[in-house]
Structure formats: structure tokens, C-alpha cells
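Right, one structure below, let's go through it.
The values are calculated or read from the model by the stated rules, or taken from the named source; none is laboratory data. Bear in mind that the values here come from a model prediction, so they are computed numbers and not experimental data. Cβ placement follows ideal geometry from the backbone for every residue including glycine, while neighbour counts extend to all protein chains displayed. Side chains are part of the model used for accessible areas, which takes the heavy atoms of the whole protein and leaves out ligands, DNA and RNA. Shrake-Rupley method; radii C 1.70, N 1.55, O 1.52, S 1.80 Å.
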Amino acid sequence: MAVKIRLMRIGAKKRPFYRVVAVDEREKRNGKYLELLGTYNPLTEPKEIILKKDRIDFWIKQGAMLSDGYLRITKQAPQKPPRKPKKEPKTPEEK
């Protein structure tokens, strides 16, 4: 069984709230999970992140993989390279 630590979206339409869960990676996004590891509320300022660090460390030692969403909210995600600048449209004089 492959375990992942990922975000599970709950909350109403346009009012996101997430649970950080340890889940079998074959389960649905909002399906059954093994353990609740924390919560994430992106609507508050500053964003509210509550995590159970000891349980997350336990699951990582057991071989759990971290999802991109989890890495993004904990600021551990690799940085994307900067985008190329857009080309300027040609003016009528350059044609």
C-alpha cells in the first residue's frame, strides 16, 4: 500500500478548507483516509496552517510520499523557473 500525505478539500463552493491527511494514493481526493494530520485554511490572513509534526514525521519514516499541494503550503516545493517574457507585438512601421 502506497501512502501519500496530501490535501483533502472540504468546505463550500468558493470557500475552500483543507484537511492534511495520510491516505492510500489509490483513494479518491475526498475518500477514506488513514489519519488526519492537520488543517489548512487559505481564506484567513495570514493563512492558518495547523499540522501534527510528530505524526507527519512518523508517516514519512513509514515511506509516505508528500504531495505537491502539501509541499506548496509548507513552502518546501521546488521553485518553478521564471517564465519567458511575452513578445512585444509588431508595430505597423516594422512590417
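Residue-level check: of (1) at pLDDT 85 or above; (2) open to solvent by 70 Å² or more (accessible area, probe 1.4 Å), Y40 misses just (2). All conditions in (1) open to solvent by 50 Å² or more (accessible area, probe 1.4 Å); (2) part of a loop (DSSP other than H, G, I, E, B) hold for G31, with the sole exception of (1). Could you grab me the full set of residues in the range 34-77 that are assigned to a loop (DSSP other than H, G, I, E, B) and of a type in the set (K, R)? Listed by number, the residues that qualify are K47, K52, K75. Could you please let me know if I73 is more than 17 Å from A2 (Cα to Cα), open to solvent by 80 Å² or more (accessible area, probe 1.4 Å) and in contact (Cβ under 8 Å) with a residue 12 or more places away in the chain? Against the criterion (more than 17 Å from A2 (Cα to Cα), open to solvent by 80 Å² or more (accessible area, probe 1.4 Å) and in contact (Cβ under 8 Å) with a residue 12 or more places away in the chain), I73 does not qualify.
Each residue in the range 28-69 was checked for being without any contact (Cβ under 8 Å) to a residue 60 or more places away in the chain and closer than 15 Å to Y18 by Cα, and 23 pass.
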